[in-house]
Amino acid sequence: MTKLLLRALAGETLPTPPIWMMRQAGRYLPEYRATRAKAGDFLSLCYTPELAAEVTLQPLRRFDFDAAILFADILLLPQALGSELWFVTGEGPRLSTITTRAQVDALKPGDAIHERLSPIYETIRILAGELPKETTLIGFAGAPWTVATYMIAGRGTPDQGPAHDFKTADRAAFSALIDRITEATILYLSAQIEAGAEVIKLFDSWAGSLRDENDRHEFAIEPTRRIVSALKTRHPGIPVIAFPRGLGEGYRGFAQATGADCVALDNSVSPDWAARHLQCDSCVQGNLDPQLLITGGDALISEAGRITRALRNGPHIFNLGHGITPDADPDNVTRMIEAVRGA
Ligand code: 1CP
């Protein structure tokens with residue numbers, strides 16, 4: 001196995017960690033903005049395979065990354081299940097809301113998703129043919145809890161309040177929604193792997209708001225475990241990176257409980273803590289504060305070096321604690337990579 005990212009995910013400790021960045025294809029790159037303008041809007045960009053493949057490849061032409069992440073969005077799956085989805089310029093995504101059991105039951109069956117999502121599989125096929133041989137292709141989906149928060153509220157919410165309210169008002173209906181998303185996610189990710197994705201990442205961006213232990217077990221850990229287990233049964237050896245953002249101490253044991261090969265860290269936990277408590281169980285990815293790619297300077301160099309050194313005695317993938325922001329300076333990405341490789 002020669003690809004560095006796959007070696008780290010298999011548990012190997014490497015002299016320098018593989019590097020990629022969350023949202024590495026995005027608005028901080030002028031070439032991304034140009035291609036998005038050509039597509040017309042964000043969803044057309046996601047659903048036009050040639051253009052989605054083009055923006056996936058753009059950051060690799062500038063930066064020496066070890067991985068490419070499919071360009072798509074976690075909200076395409078709800079759309080394929082029957083939610084309406086649109087983007088409001090300057091504000092973000094909007095979906096039709098789910099507030100009743102009848103609406104959960106009216107969602108399309110999991111195997112109906114492929115019709116709408118087939119352009120995503122085509123993007124992956126294009127990428128699999130075009131990526132340099134040392135670059136790993138990452139496919140992804142949202143984890144069921146995070147996807148459910150958007151399907152229920154119809155938008156991003158600061159405290160995921162509407163999803164918590166639905167869970168309290170009708171736990172059976174809420175569980176049914178989580179099950180529907182879980183089943184569809186398994187089919188979606190299997191199709192991504194069949195098209196050529198070599199690693200899967202599950203984004204549970206709002207896992208941290210599941211503060212009750214039973215809720216966390218039932219709606220963050222268990223759906224992730226089911227997805228990982230089903231993917232590994234269908235596609236033995238497929239590595240999975242889990243990103244249960246905001247779990248803090250709860251990151252401990254997450255890889256073992258879910259079967260994930262790697263946990264991705266936000267920037268709320270320290271790399272020294274992660275080296276002590278997480279690297280014994282799995283590979284660790286993260287956790288540079290994306291703010292440092294705006295501000296740059298010595299703080300960026302020293303923090304990138306500190307993370308790299310703290311995690312050097314176990315399997316590690318260098319990444320950010322969350323996505324790079326539109327106001328980041330691309331030159332700071334180059335400096336970050338140099339700092340990691342020189343640490
Ligand atoms: O204007 C634009 O060009 C749209 C900005 C944008 C981009 C570049 C959105 C809208 N999605 C994406 C791409 C995207 N989203 C990727 C592509 C691969 C890459 O990383 O380069 C990925 C993996 C995602 C995942 C995603 N979408 C998450 C999970 C990760 C995270 O950021 O926490 C979430 C929560 C979304 C929903 C979403 N899509 C877009 C926005 C602005 C949001 C957040 C909405 C909100 O919470 O209010």
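The values are calculated or read from the model by the stated rules, or taken from the named source; none is laboratory data. Predicted model only: the values in this text are computed from it and were never measured. Glycine also receives a Cβ, built like all others from the backbone with ideal geometry; neighbour counts cover every protein chain displayed.
Observations on the model:
- Exclusive hit being in a strand (DSSP E or B) and either near the ligand (Cβ under 10 Å from one of its atoms) or surrounded by 15 or more Cβ atoms within 10 Å (Cβ to Cβ) (or both), set 26, 139, 90: 139
- Test: residue in the range 326-343 that is among the polar types (S, T, N, Q) and assigned by TED's automatic domain parsing to the domain that holds residue 9: yes
- Applying the condition of being near the ligand (Cβ under 10 Å from one of its atoms) and among the small types (Gly, Ala, Ser) to the range 38-76 and asking which residue is nearest to the chain's Cα centre (by Cα) yields 72.
- Filtered residue count, the range 148-163, keeping only those that are more than 9 Å from the ligand (Cβ to nearest atom), within 15 Å of residue 204 (Cα to Cα) and not in a loop (DSSP other than H, G, I, E, B): 3
Yes/no matrix, rows are residues, columns are (1) charged (D, E, K, R); (2) over 26 Å from residue 240 (Cβ atoms):
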residue	(1), (2)
289	yes, no
292	no, yes
302	no, yes
307	no, no
314	no, no
321	no, no
329	yes, yes
334	no, yes
342	no, yes
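- Matching residues, the range 298-316, being part of a helix (DSSP H, G or I) and either in contact with a Lys or Arg (Cβ under 9 Å, 6 or more places away or on another chain) or closer than 13 Å to residue 343 by Cα (or both): 300, 301, 302, 303, 304, 305, 306, 307, 308, 309, 310
- The set of residues in the range 297-329 being within 19 Å of residue 25 (Cα to Cα) and either buried (at least 16 other Cβ atoms within 10 Å of the Cβ) or among the small types (Gly, Ala, Ser) (or both) consists of 317, 318, 319, 320, 321, 322, 323, 324, 328.
- Across the range 21-39, not a single residue is classified as modelled with pLDDT under 95 and under 30 Å from residue 236 (Cα atoms).
- Pairs meeting the criteria (first residue in the range 15-36 and of a type in the set (D, E, K, R), second residue within 10 Å of the ligand (Cβ to nearest atom) and part of a loop (DSSP other than H, G, I, E, B), beta carbons under 7 Å, at least 6 apart or on different chains) are 23/323; 23/324; 27/326; 33/27.
- Only listed residue being more than 16 Å from the ligand (Cβ to nearest atom), among the charged types (D, E, K, R), within 19 Å of residue 201 (Cα to Cα) and touching a residue at least 12 places away in the same chain (Cβ under 8 Å), chosen from 125, 101, 116: 125
- Only a single item in (1) buried (at least 17 other Cβ atoms within 10 Å of the Cβ); (2) under 22 Å from the mean Cα position of the chain (by Cα) is not met by residue 119, and it is number (1).
Here is a yes/no grid of residues against (1) at pLDDT below 95; (2) in contact with a helix residue (DSSP H, G or I) (Cβ under 8 Å, 6 or more places away or on another chain); (3) on the phi < 0 side of the Ramachandran plot:
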{"site": "201", "(1), (2), (3)": "no, no, yes"}
{"site": "237", "(1), (2), (3)": "no, no, no"}
{"site": "251", "(1), (2), (3)": "no, yes, yes"}
{"site": "259", "(1), (2), (3)": "no, yes, no"}
